[in-house]
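Step one of this worksheet: look at the structure below.
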Amino acid sequence: MRKRVIGLILIFASLATLGFWEFWGREHLTYEKILVLNQDVSRCSAVDETMFQIRMVEEAAEEVLRPEDMKDILQMETVQYIPAETPLYAAFFQDPALSVGEDTGRYILSIPGEWLMSYPQTLRRGDEVIFYCDGRFIATAPVAYARDSSNQEVVSSDDARLQASAAVSLVEVVVDEGRALKLGKLADEGKRFVLLYS
């Protein structure tokens with residue numbers, strides 16, 4: 001009788017453990033939390049807290065955004081259409097100042113080397129650059145791309161920008177039509193610009 005009771009206890013303990021594992025343990029102990037959107041979001045849409053939800057997955061790529069990354073992408077804009085429930089990556093989002101296209105009225109302007117008198121080698125994508133000409137302020141514009149001689153984006157391996165992947169040889173900025181015309185007119189007159197950023 002005693003063996004039968006012990007056997008029943010062991011069976012119930014095994015079933016309870018199995019149930020715990022299947023209904024709670026597996027998800028909470030082996031799954032990872034990732035960020036997804038709770039709705040389809042179109043290109044150039046600003047994102048806010050109400051649009052995110054957390055999903056549990058068995059395996060997630062290292063680059064997938066986690067719940068703690070939400071603060072870094074709030075108020076940013078999508079660079080492409082993102083379906084609901086899709087794992088999110090930082091590359092899906094950008095600063096609204098870098099959005100371009102007819103619907104924004106902003107475009108990418110490549111600044112030829114012959115237009116420039118000087119510019120900092122620490123310029124990076126997202127910096128707000130200031131154009132000066134003959135000691136006068138001309139315009140500001142966000143840097144869309146800072147590329148090297150092989151057309152690769154120049155990045156820094158440290159926050160102080162002491163270590164760069166290459167030297168900057170091409171700068172492209174986001175401008176509206178008015179700023180593009182203003183810069184182009186001065187360049188046509190043979191003027192050259194000094195670029196600064198803070």
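The values are calculated or read from the model by the stated rules, or taken from the named source; none is laboratory data. These numbers come from a predicted model, not from an experiment. Backbone-built Cβ (ideal geometry, glycine too); neighbour counts: all protein chains shown. Surface areas here come from the heavy atoms of the whole protein model, side chains and all, with no ligands, DNA or RNA. Shrake-Rupley method; radii C 1.70, N 1.55, O 1.52, S 1.80 Å.
Among the residues making up the stretch 131-145, a single one is in contact with an Asp or Glu (Cβ under 7 Å, 6 or more places away or on another chain) and either polar (S, T, N, Q) or at positive phi (or both): Thr140.
Quick one: would you say Ala91 is assigned to a helix (DSSP H, G or I) and either aliphatic (A, V, I, L, M) or crowded, with 16+ Cβ neighbours inside 10 Å (or both)?
On the way: assigned to a helix (DSSP H, G or I): yes; either aliphatic (A, V, I, L, M) or crowded, with 16+ Cβ neighbours inside 10 Å (or both): yes.
For Ala91, the condition - assigned to a helix (DSSP H, G or I) and either aliphatic (A, V, I, L, M) or crowded, with 16+ Cβ neighbours inside 10 Å (or both) - is met.
Can you name the residue in the stretch 41-61 that is free of Cβ contacts under 8 Å to residues at least 40 places away in the same chain and within 15 Å of the chain's Cα centre (by Cα) and, of all such residues, is surrounded by the fewest Cβ atoms within 10 Å (Cβ to Cβ)? The residue in question is Asp48. From the set of residues in the stretch 97-137 that are open to solvent by less than 20 Å² (accessible area, probe 1.4 Å) and touching a helix residue (DSSP H, G or I) at 6+ places or on another chain (Cβ under 7 Å), which is nearest to Gln80 (Cα to Cα)? Of everything passing the filter in the stretch 97-137, Phe131 is nearest to Gln80 (Cα to Cα).
Regarding Asp148, is this residue surrounded by 13 or more Cβ atoms within 10 Å (Cβ to Cβ), of a type in the set (Asp, Glu) and either at pLDDT 90 or above or over 30 Å from Phe52 (Cβ atoms) (or both)? Reasoning before the result, please.
Working: surrounded by 13 or more Cβ atoms within 10 Å (Cβ to Cβ): yes; of a type in the set (Asp, Glu): yes; either at pLDDT 90 or above or over 30 Å from Phe52 (Cβ atoms) (or both): yes.
Spelling it out, Asp148 is indeed surrounded by 13 or more Cβ atoms within 10 Å (Cβ to Cβ), of a type in the set (Asp, Glu) and either at pLDDT 90 or above or over 30 Å from Phe52 (Cβ atoms) (or both).
Which of the numbered conditions does Gly135 fail, given that it passes all the others? Conditions: (1) within 19 Å of the chain's Cα centre (by Cα); (2) without any contact (Cβ under 8 Å) to a residue 12 or more places away in the chain. So the condition that Gly135 fails would be (1).
Taking first residues from the stretch 109-129 that are farther than 13 Å from Ala167 by Cα and part of a loop (DSSP other than H, G, I, E, B) and partners that are open to solvent by less than 40 Å² (accessible area, probe 1.4 Å) and not small (Gly, Ala, Ser), the Cβ contacts under 8 Å between residues at least 6 apart in sequence or on separate chains come to Arg125/Leu98; Arg125/Val143; Gly126/Leu98; Gly126/Pro142; Gly126/Val143; Asp127/Pro142; Asp127/Val143. Does Glu172 meet the test of being in contact with a helix residue (DSSP H, G or I) (Cβ under 9 Å, 6 or more places away or on another chain), touching a residue at least 24 places away in the same chain (Cβ under 8 Å), within 23 Å of Tyr107 (Cβ to Cβ) and open to solvent by 30 Å² or more (accessible area, probe 1.4 Å)? In short, no.
A count restricted to the stretch 151-169 and to residues that are of a type in the set (D, E, K, R), open to solvent by 90 Å² or more (accessible area, probe 1.4 Å) and within 24 Å of Val100 (Cβ to Cβ) stands at 0.
Taking the criterion of being under 12 Å from Glu172 (Cβ atoms), among the aromatic types (Phe, Trp, Tyr) and open to solvent by 60 Å² or more (accessible area, probe 1.4 Å), would at least one residue in the stretch 73-86 satisfy it? No - not one qualifying residue is present in the stretch 73-86.
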